[in-house]
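One structure is given here, and the rest of the page talks about it.
The values are calculated or read from the model by the stated rules, or taken from the named source; none is laboratory data. These numbers were taken from a predicted model, which means no experiment stands behind them. Neighbour counts are summed over all protein chains in view; Cβ atoms, including those assigned to glycine, are modelled from backbone coordinates with ideal geometry.
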Amino acid sequence: MTRVPLGCDKNRRLRRQDSSQYRNEVWRRHPSSHTSDFCHNAAHAAFCQGLLLPTSHLFRYTSGMIVTIDGPAGSGKSTIARELAAALGIAWLDTGATYRAMTFKALRDGVDMNNHLALTKMAREVDIRLVTDDAGRLSVMLDGEDVTREIRTKEVTDNAHFIARAQGVRDVLVDLQRRIGAEMGDFVTEGRDQGSVVFPDADVKFFLDARPSIRARRRYEQMTAAGETVDYESILSDVLKRDHLDRNRPNAPLVKPAGAVVIDTSDKTIAQVTSELLEYVEDRR
Ligand code: C5P
C-alpha cells in the first residue's frame, strides 16, 4: 500500500473543500471524536490505531488518492469498488452501509421515520464503525454491536429512503464518511453522493449504471444464491422504486457527478469493469 507519512503536505483537496468551518462542525457534533476501525489490512489497522488525533489534525495531515464510484442499486458499484480497491492496494468505503445501519437503528428503536428531528437526534448519538478484516470482509458495528447481517434485510432496504432524505442524518453521515476517508488516506468510496457532495474534489470519479432489467437480475441471482425465495418481477419493481426515490429526493439525489466517467456495466463482467476503471485510475495517478 502506498502511504504518505504523517506531516506530508498533500491533503490539498480536503483542506480546500472544507476549511475550518467543516472542522468546527465535526467537533461540535462529535466532541469525543473517536477513530473508527475501517482498515484494509493489519498494517493499515496498526497505522490507523496510532492515529488517535483530533479530527482537525487528520484533515490537515491525511493525504492520498480519492476515487468515488456512484450509481444506482445493482449497477455493480459495491463489488467493483471492493475489487478496484484491492487491485490498487488501498482501502474501500461502503457508504450505503452507514445509511443501512442508521435505518436498522431507527426501525429497531421505533423512531418515527417521518420525524426528521427525532432521526437527527438519533443519528447524532449513535456510534457507527466500519471494520474491514485482512480478507477485505466488512463488518458494521452499531454502538459496539455487530449488525453486518441485520442491515442487509429487505425491511432495511425498503426503509433506507426515509433515512436518506433526512438532511440532519445526511449531515452526520457525511461528516462520518469524511472522517473515515481522512483517516484512510487512499481509498475507493461508493454510494449515491460521493463524487457530487461528499468528495467533490476526488481525483477520479465514476458513475456506474446498467439497464434496470440487468440490475434486477443481478439482485435476484444474489438473493437466490443466498438461499432466499424471491420473485424477479417484485425485485424489478423494487429496483425501479429505489431508483425513483434516490434520483428524486431533494437532498443529495443520485446524479452523475461533474467530471465523472460514466460506465454502463450491463454487458460487462466484473473483471472487465474493474480493469477499465483501473486503467482510468492508473492514467491519473
Ligand atoms: O448502496 P446501498 O444499497 O447499500 O444503499 C442503501 C440506501 O442508502 C440507498 O438506497 C440510498 O437511499 C442510501 N444511500 C444514500 N447515499 C449514499 C449511500 C446510500 O442516500 N451515499
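Taken as a whole, the structure leaves L138 outside the set of residues that are within 13 Å of the ligand (Cβ to nearest atom), within 18 Å of R82 (Cβ to Cβ) and surrounded by 18 or more Cβ atoms within 10 Å (Cβ to Cβ). Here is the figure for segment 167-200: residues that are aliphatic (A, V, I, L, M) and near the ligand (Cβ under 10 Å from one of its atoms) total 5.
Quick grid of which residues meet (1) basic (K, R); (2) part of a loop (DSSP other than H, G, I, E, B); (3) exposed (fewer than 14 other Cβ atoms within 10 Å of the Cβ); (4) touching a residue at least 24 places away in the same chain (Cβ under 8 Å):
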residue	(1), (2), (3), (4)
S234	no, no, yes, no
L240	no, no, no, yes
L245	no, no, no, yes
N251	no, yes, no, yes
L254	no, yes, no, yes
A258	no, yes, yes, yes
K268	yes, yes, no, no
V273	no, no, no, yes
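For segment 97-135, taking the residues that are modelled with pLDDT under 95 and of a type outside the set (A, V, I, L, M, F, W, C), the one that is farthest from the ligand (Cβ to nearest atom) is identified as D134. Within the set D175, D186, the sole residue that is among the charged types (D, E, K, R), buried (at least 16 other Cβ atoms within 10 Å of the Cβ) and touching an Asp or Glu at 6+ places or on another chain (Cβ under 8 Å) turns out to be D175. Scanning segment 73-85 for residues that are of a type in the set (A, V, I, L, M), at pLDDT 95 or above and more than 12 Å from the chain's Cα centre (by Cα) yields I80, L84, A85. Go through segment 79-103 residue by residue and tally those that are under 20 Å from L142 (Cβ atoms) and assigned to a helix (DSSP H, G or I). Selection size over segment 79-103: 9. Annotation: L130 fulfils all but one of (1) buried (at least 20 other Cβ atoms within 10 Å of the Cβ); (2) part of a helix (DSSP H, G or I); (3) not hydroxyl-bearing (S, T, Y); the unmet one is (2).
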